[in-house]
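Remarks on the structure that follows.
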Amino acid sequence: MNKETHVIQLKGIGEKTSQLFHKMGICTVEDLIRYYPRDYDVFKEPILIEAIKNDEVVAIQGMILKNLEIKRVRNLQIVSGVIQDASGLLKVTWFNMPFLRNSIKQGYRLILRGRVVIKNGSQVMEQPQIYQVNAYEEIVESMQPIYSLVAGITNQAVLKAVKQVICQKDVVSEYLPATIREQYHLAEYNFAIENIHFPKNMEDLLIARNRLVFDEFFLFIMALRQLKEKKEKANNAFALRKVDKVNELIEKLPYKLTNAQLKVWKEIEADMTSEKVMNRLVQGDVGSGKTIVAILGILMVVCCDYQAAFMAPTEVLAKQQYDSMIHLFETYGFSFRAVLLTGSMTAKEKRLAYEQIESGQANVIVGTHALIQEKVNYYNLALVITDEQHRFGVRQRETLANKGKEPHVLVMSATPIPRTLAIILYGDLDISVIDELPAERQVIKNCVVNSSYRPTAYRFIQKEVESGRQAYIICPMVEESENIEAENVIEYTEILKDALPPNITVEYLHGKMKAKDKNQIMERFASNQIQVLVSTTVVEVGVNVPNATVMMIENAERFGLAQLHQLRGRVGRGKYQSYCILVNGSDSKASKKRLEILNKSNDGFFIASEDLKLRGPGDLFGIRQSGVLEFKIGDVFTDASILQQASDAATWLLEEDEKLQRKEHENLKERLDKYLNHSLNKLSL
Ligand code: ADP
Ligand code: MG
């Protein structure tokens, strides 16, 4: 076996399983050992049913009371049963696993392990893992890896495959130069790999993790420096000049731009009229008004007879930005020819859009990833804007930039990271910050409550709707399965429909819906045909419905603070007083403390730094990442010091051997080339 060996060569992996591995991005055994666990399970002794606390993962040993039942809800199959132990009964459910009815029968003695939640007033264990009693005894009290999975593959299958490779020893050789390893006290590569999958204890796990986080940051930074190298040479190929229309629009807007917006606009204007091509990141908290600054850029470009493209991370957002731009252009009498291009359009619609883009008939092009497909040829693209930058891959940003004659690039992000880190992470970009919110904006009122407050919250939502406003309710995120998430949203919507008067329209939105249906729901919500929207986090990114004034988040403790802040940013976008209700489903002190940070502050930067203080180094697993800037294993907040070390190491190495030509850097060079060709595409920042 060598690192290029295909996973199909492993014992127990056939054609079908290997295809599922492909879906997870795993082809070779090297990919496999780099498929790090997303968490670890410490398997505790089974407890008694009467001792279960809600929202905890527990193991129960007992007897299946009767044969399992299957119920269909929309496109989900729900298998349910009851397990009994000496202290009582517990309901259990599985989603879309109808075959269980044949493998689990009345009278079986088993251990079921899963999260227990309250559904319709009673306790249910959802999607439990199933163990024979003696098999469970073997793993009890050990640390077992948990992998992210795709449908059809089990954690056990991944675990076994990884184990086979690791048993072979040193399939991948060390590639970090010894000097760097010594300087930063980094573990040897194969030690790290073995202990990230199968840690013997917490200490070894942290040592292993430290090394792999370093690797991840180091490769990223090395790659970034190479990209920057290429970029710096690009000259501005466009005859752009300052145009009066921009000032005209600024005068006509119903609000006054903030000083921060004006300052950033001046930087953009200066860039685009300079000798070199613009590569600029605009950072600004949610609601700071990034879009209008981007639109000023579009206006300037179009007035100079070039095309501008605006890329959004989701269809919902693309459609919304498109509609609002059309509206703005009409209101102020700009005769722009805007076109929308998204994945869910029909082939015919797309073809029409391609033609308009290629002929130059369209000069403002708004869309999703569809904008960077090969079929799209631009007439004279001079400006590319990507909204919510952190949702795109670095390479995607590159591809769009490569579409024309090196267009100007503007990326926008609400990611609240300190400037020192931003300089390392966005090394190839200049940075502007909109560090001020529009003045007349009312501060969002927050409250953290427990679930007994729900009826009061519903009455409050009703009151807001009756005075013309709208509300979002976010259902908990479910790590294990999108199916459960969808199910929760549907069920919640039914309950809410009963709780609110019939003239209030309640609808739902979740990730499993078709793009077209999602758009339709979002459009109806934007035009107030829907007053209350029950949703998963799909609304998180950038959606702008200024009439919505209530954001209620169920099980807020399950979200990262940065993500909660983004969600909250969906309200407080208009002139009305807005509210954020954080429902805390846990009684733990720690989650209370975390949510209090949001309660007290509406400032994204402050929240991120407080979040960081609360998360000590022992806290690395078992809580979600900050929800932004998702590296595979590193977290730019908690691992900020490793990020700095990796940056220093890269600087040193590139000074020593810029092209990595020395013999001792051979392995590293190979690794880096591979990274540039594969991993970088997947990483979104
Ligand atoms: P974000 O920075 O989160 O992308 P948007 O650009 O969507 O924020 O702006 C949020 C809302 O604030 C929009 O409704 C926009 O019209 C409005 N807005 C933007 N700039 C100002 C300003 N200077 N004063 C008042 N409202 C503004
Ligand atoms: Mg935005």
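The values are calculated or read from the model by the stated rules, or taken from the named source; none is laboratory data. Since the structure is predicted, the reported quantities are computational estimates derived from the model, not experimental observations. Neighbour counts run over all protein chains shown; Cβ positions are idealised from the backbone, glycine included. Ligands, DNA and RNA are stripped out before the accessible areas are found, and what is left, the full protein with its side chains, is counted by its heavy atoms. Shrake-Rupley method; radii C 1.70, N 1.55, O 1.52, S 1.80 Å.
List of remarks:
- Selection over region 326-362 of residues that are open to solvent by less than 40 Å² (accessible area, probe 1.4 Å) and under 17 Å from Asn519 (Cα atoms) gives a count of 6.
- Residue satisfying condition, being in the same structural domain as Asp55 (by TED's automatic domain parsing) and open to solvent by less than 60 Å² (accessible area, probe 1.4 Å), within set Val124, Val150: Val124
- Of all residues in region 371-383 being at pLDDT 90 or above and among the hydrophobic types (A, V, I, L, M, F, W, C), the one that is nearest to ligand 2 (Cβ to nearest atom): Leu383
- Applying the criterion of being within 28 Å of the chain's Cα centre (by Cα) and assigned to a helix (DSSP H, G or I) to the residues of region 327-370, the residue that is modelled with the highest pLDDT is Lys350.
- Yes/no for Arg568 being within 13 Å of ligand 1 (Cβ to nearest atom), open to solvent by 30 Å² or more (accessible area, probe 1.4 Å) and under 21 Å from Thr415 (Cα atoms): no
- Every pair of residues 6+ apart whose Cβ atoms lie under 9 Å, when the first sits in region 374-388 and is hydroxyl-bearing (Ser, Thr, Tyr) while the second is within 16 Å of ligand 1 (Cβ to nearest atom) and open to solvent by 10 Å² or more (accessible area, probe 1.4 Å): Thr386/Pro313
- Index of the failed condition, Glu188 passing every other in (1) closer than 19 Å to Glu666 by Cβ; (2) touching a residue at least 40 places away in the same chain (Cβ under 8 Å): (2)
Quick grid of which residues meet (1) surrounded by fewer than 20 Cβ atoms within 10 Å (Cβ to Cβ); (2) under 22 Å from Thr415 (Cβ atoms); (3) in contact (Cβ under 8 Å) with a residue 40 or more places away in the chain; (4) within 15 Å of ligand 1 (Cβ to nearest atom):
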site	(1), (2), (3), (4)
Lys514	yes, no, yes, no
Gln529	yes, no, no, no
Val539	no, yes, yes, yes
Asn544	yes, yes, yes, yes
Lys575	yes, no, yes, yes
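- Listed here are the helices (runs of 4 or more DSSP H) enclosed by region 620-685 that have at least 2 residues being at pLDDT 60 or above, open to solvent by 30 Å² or more (accessible area, probe 1.4 Å) and closer than 24 Å to Ser148 by Cα: 666-677.
- Phe310 being at pLDDT below 90 and open to solvent by less than 40 Å² (accessible area, probe 1.4 Å): no
- Close pairs (9 angstrom Cβ cut-off, 6 or more residues apart or separate chains): farther than 12 Å from Cys447 by Cα in region 583-598, surrounded by 13 or more Cβ atoms within 10 Å (Cβ to Cβ) and hydroxyl-bearing (Ser, Thr, Tyr) anywhere: Gly585/Ser451; Gly585/Ser591
- Number of residues in region 390-434 that are within 16 Å of ligand 2 (Cβ to nearest atom) and modelled with pLDDT of 60 or more equals 10.
- Summed over region 183-202, residues that are among the acidic types (Asp, Glu) and over 30 Å from the mean Cα position of the chain (by Cα) total 1.
- Leading residue by the ranking (farthest from Ile597 (Cα to Cα)) among those in region 546-560 that are within 16 Å of ligand 1 (Cβ to nearest atom) and crowded, with 21+ Cβ neighbours inside 10 Å: Ala548
- If you go through region 231-267 and pick out every residue that is among the aliphatic types (A, V, I, L, M), touching a residue at least 60 places away in the same chain (Cβ under 8 Å) and assigned to a helix (DSSP H, G or I), you end up with 3.
- Check on Ile207, part of a helix (DSSP H, G or I), open to solvent by 10 Å² or more (accessible area, probe 1.4 Å) and aliphatic (A, V, I, L, M): yes
- Scan of region 243-296 for residues that are away from ligand 2 (no atom under 16 Å from the Cβ) and among the acidic types (Asp, Glu), ordered by number: Asp244, Glu248, Glu251, Glu267, Glu269, Asp271, Glu275
- Every residue from region 94-121 that is among the small types (Gly, Ala, Ser) and at pLDDT 90 or above: Ser103, Gly107, Gly114
- Candidate set from region 500-512 (those that are open to solvent by 20 Å² or more (accessible area, probe 1.4 Å) and modelled with pLDDT under 90); member that is farthest from ligand 2 (Cβ to nearest atom): Lys512
Listed here are the residues, each with its yes/no results for (1) open to solvent by less than 30 Å² (accessible area, probe 1.4 Å); (2) touching a residue at least 24 places away in the same chain (Cβ under 8 Å); (3) among the β-branched types (Val, Ile, Thr); (4) under 24 Å from Met143 (Cβ atoms).
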residue	(1), (2), (3), (4)
Gln9	no, no, no, no
Gly14	no, no, no, no
Phe21	yes, yes, no, yes
Val42	no, yes, yes, yes
Glu45	no, yes, no, yes
Ile49	yes, yes, yes, no
Glu56	no, yes, no, yes
Gln61	no, yes, no, yes
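- Number of the exception - Lys119 against (1) over 30 Å from Gln168 (Cβ atoms); (2) within 26 Å of the chain's Cα centre (by Cα): (2)
- Residue, farthest from ligand 1 (Cβ to nearest atom), within region 288-328, restricted to residues that are within 16 Å of Ile250 (Cβ to Cβ) and touching a Gly at 6+ places or on another chain (Cβ under 9 Å): Val293
- When Ile268 is tested against (1) more than 16 Å from ligand 1 (Cβ to nearest atom); (2) within 16 Å of Val243 (Cβ to Cβ), only condition (1) is not met.
- The condition of being among the β-branched types (Val, Ile, Thr), assigned by TED's automatic domain parsing to the domain that holds Ala414 and open to solvent by less than 10 Å² (accessible area, probe 1.4 Å) holds for only one of Ile268, Ile250, that being Ile268.
- Among (1) part of a loop (DSSP other than H, G, I, E, B); (2) open to solvent by 10 Å² or more (accessible area, probe 1.4 Å) - the single one Ser288 does not satisfy: (2)
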